[in-house]
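Novice: The structure under discussion is supplied below as structure tokens; questions concerning it will follow.
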Amino acid sequence: MQYFSENRKAQLEAQHYAVFETLLDDELLGYLRREGQSRRPLAVVRKRLVPKIGDTGRVASHAQHFLSSPGPVLQEIHESEELVAFVGALLGKVVFPTRASYLYYEPGDYVGLHQDVSSCELTLLVNLFAGKQPFTVHPELSGVTAERLLEVVVKSGGFPEGGVDVVYPENGAIAIMGELPHQRPLAEQPATIAVLCFKGLW
């Protein structure tokens, strides 16, 4: 696993996301990629046509993609002491793993502007087969009310202009704070992402 970096912690604090060119070693990535492929037939479609403010006050948007529960490899990595300590160092507090999954995108799949659910205070997105297509974060919308954010989603169809395009590193990961609005544009090619969520004890 990549060593903890104060620079990345500072980037996360300032911009609410950080890019890690490497995170897991090649052996672990290989295990994850094989498990992700093996669980693709078990994935279910997740489709949302109407954006909304969820029960915890975060905004959910238009979406179409596939999702699978974790297998033993992803679950073990998610719950490993090393990764939990790494995320805790990034956030500067004690954290615990909350949920993990594999996301699959086929050409034309997407997720509109949204925030992660409240159990994902910090989300790690690990590139398994993501290609070079970016997703877009919107730091300029950080701190706006849920009502205002939902208005932006509705008026833009889930894809407002602006924001910052973040390209998945080939063998790395992106850390994103759950409240940061972000979107996944229309996929141009198949992609597989491992998602690992963490939450602080306070």
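Values in this text are rule-based calculations from the coordinates and carry no lab data. These figures come from a predicted structure and were not determined experimentally. Positions of Cβ are generated from backbone atoms using ideal geometry, with glycine treated the same way; all protein chains shown enter the neighbour counts.
Novice: Suppose every Lys and Arg Cβ carries +1 and every Asp and Glu Cβ carries -1, with no other charges. What dipole size does segment 20-109 come out with about its Cα centre, to the nearest 20 debye?
Specialist: In debye, rounded to 20, segment 20-109 gives about 700.
Novice: Eight or more residues apart or on different chains, and alpha-carbon atoms under 20 Å: count the Lys pairs in the chain matching that.
Specialist: The result is 5.
Novice: If you take the square roots of the eigenvalues of the alpha-carbon gyration tensor of segment 1-94 and sort them as a ≥ b ≥ c, do you get rounded (a/c under 1.5), prolate (a/b over b/c) or oblate?
Specialist: On the way: a/c = 2.22, a/b = 1.17, b/c = 1.90.
It is oblate, given that a/c is not under 1.5 and a/b is not larger than b/c.
Novice: Within segment 80-135, which trypsin sites (Lys or Arg not before Pro) sit in a loop by DSSP and count at most 14 neighbouring Cβ atoms inside 10 Å?
Specialist: When the trypsin sites (Lys or Arg not before Pro) of segment 80-135 are filtered for loop state and at most 14 Cβ neighbours within 10 Å, K93, K132 remain.
Novice: Turning to a different aspect of this structure: Subtract the Cα-Cα distance of S69 and E21 from 0.36 nm times their separation in residues, and report this length gain in nm to one decimal.
Specialist: Full-extension gain reported as 14.7 nm.
Novice: Specify which labelled value, from [x] 167; [y] 111; [z] 251, agrees with volume of the Cα convex hull per residue in Å³ derived from the coordinates of the model shown.
Specialist: [y]
Novice: Which of the three applies to segment 93-202, rounded, prolate or oblate, going by the alpha-carbon gyration tensor with a ≥ b ≥ c and a/c under 1.5 meaning rounded?
Specialist: oblate
Novice: Helix-only mean residue ellipticity at 222 nm, the chain, DSSP H runs n ≥ 4 weighted -39,500 (n - 2.57), per residue, nearest 500. What is it? Display every interim value, and only then the final one.
Specialist: Values: 5 runs with 52 residues, N = 202.
Helix-only estimate at 222 nm: -7500 deg cm²/dmol.
Novice: In segment 100-149, which chymotrypsin sites (Phe, Trp or Tyr not before Pro) are in a loop and have at most 13 other Cβ atoms within 10 Å, using DSSP for the loop call?
Specialist: When the chymotrypsin sites (Phe, Trp or Tyr not before Pro) of segment 100-149 are filtered for loop state and at most 13 Cβ neighbours within 10 Å, nothing remains.
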